[in-house]
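Working notes, structure below.
The values are calculated or read from the model by the stated rules, or taken from the named source; none is laboratory data. This one's a predicted model, so the numbers in the text were calculated from it and none came from an experiment. Here the Cβ positions follow ideal geometry from the backbone for every residue, glycine too, while neighbour counts run over all protein chains shown.
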Ligand code: PHE
């Protein structure tokens, strides 16, 4: 069967879609939690260095594969070198697991939008937001229903092939998202008692730096800029053959990191004020427990809160669409399926996994799954922790390593660079630096991280 492959009408379409993929729940839901967990300033600095030195170059490598092969993430290797197809397979597996929990958290966002609109408990102050949130996720059924609504929305959009429209709308609204985030940062920095939170974030205390910081920063950075799973291979394959790619990659990584930093700045001082220093170790969920407090303390806060969660929903949706599109493109092209069939067949087992993730915070809280590392051996952890560790700390780094080794040592950085920068108008220094990173630096850092993940144990994500 010959498939009609889409193509971006303009470079802008490509930038929009890949930016939409990067900015999402990772920035607002995951990042602040990890800053709290892994020691503030030292984590942030490590994170930024990893984005610039490793994440950005791997983004370019992935993109080059896609543009050269003009195929999905697995098919690209069939064109370039079949032996490496397993790297595409790792990407798909990652996306499958990520999508299953992304939908659940996307559902939480939807719940908050509706709560802002209709739920009296939410704003009469009868319960704190922390109680509200834990009450909600510990219900067995309700979070599942919201997650399902989120998933169905994604399915409908992908089947109808209208994601471009969504990207356009969300791009138009993204500046507003940043404005609101900045307003929250200003508010949260001027709260009485905010000093503790600010210094936690910006004082780089190397005594809080350890291998966990490194593992956490790498996993989070790759997750957030959508690297190591072949998103960029797929989207790069829809890109026109001319035009360089470096500038847009820098913009996207920059904006993504800015969104993460702003959201941590808005959230962390409020976490310390409402939950105390110990609250920092609670990890995920800060956006749902602390941010509404920040809005409440702003004039007109309820409206801002509502708008913010609507925008967060859009950001989550565009990220989820990139995950689904990458997997569906693979199934359509490699397994000769129709778009509708591929979407449904992918989504059903994934939804089953979602149920596990969601219930592991409620009814199935005490059912644990094994996780292994060489120092503590087999440990039993809650399913949601195992799923996030599996993707962030193990499989995403592994996938990224595969892309580096393939481009650096098999396909060749020369050929890849021609795809990244077809006009050759970038100083040779950048080509050499990039090639050194892809061949040596990035693989070495990722191998070290994998050793720490499996060899030395690591805190909960
Ligand atoms: N990068 C997205 C975020 O930060 C999530 C994502 C992960 C998207 C993996 C695509 C692939 O929310």
Condition check: part of a helix (DSSP H, G or I) and closer than 19 Å to residue 25 by Cβ. Does residue 214 satisfy that? no
If only one of 259, 266, 221 is within 13 Å of the ligand (Cβ to nearest atom) and buried (at least 24 other Cβ atoms within 10 Å of the Cβ), which one is it? 221
Kindly list the number of the only condition in (1) at pLDDT 85 or above; (2) surrounded by 12 or more Cβ atoms within 10 Å (Cβ to Cβ) that fails for residue 156. (2)
Which listed residue, of 69, 19, is more than 25 Å from residue 444 (Cα to Cα), in contact (Cβ under 8 Å) with a residue 24 or more places away in the chain, within 14 Å of the ligand (Cβ to nearest atom) and surrounded by fewer than 24 Cβ atoms within 10 Å (Cβ to Cβ): 19
Restricting the stretch 295-324 to residues that are away from the ligand (no atom under 16 Å from the Cβ), over 21 Å from residue 137 (Cα atoms) and assigned to a helix (DSSP H, G or I), the residue that is modelled with the lowest pLDDT: 301
Failed criterion for residue 254 (all others in (1) within 16 Å of the ligand (Cβ to nearest atom); (2) closer than 14 Å to residue 57 by Cα; (3) assigned to a helix (DSSP H, G or I); (4) in contact (Cβ under 8 Å) with a residue 24 or more places away in the chain hold): (4)
Check off (1) at pLDDT below 95; (2) surrounded by 21 or more Cβ atoms within 10 Å (Cβ to Cβ); (3) farther than 30 Å from residue 283 by Cα for residue 38 and give me the number that stays unchecked. (3)
Name the residue, out of 430, 440, 436, 403, that is in a helix (DSSP H, G or I), within 16 Å of the ligand (Cβ to nearest atom) and either without any contact (Cβ under 8 Å) to a residue 60 or more places away in the chain or over 23 Å from residue 138 (Cβ atoms) (or both). 403
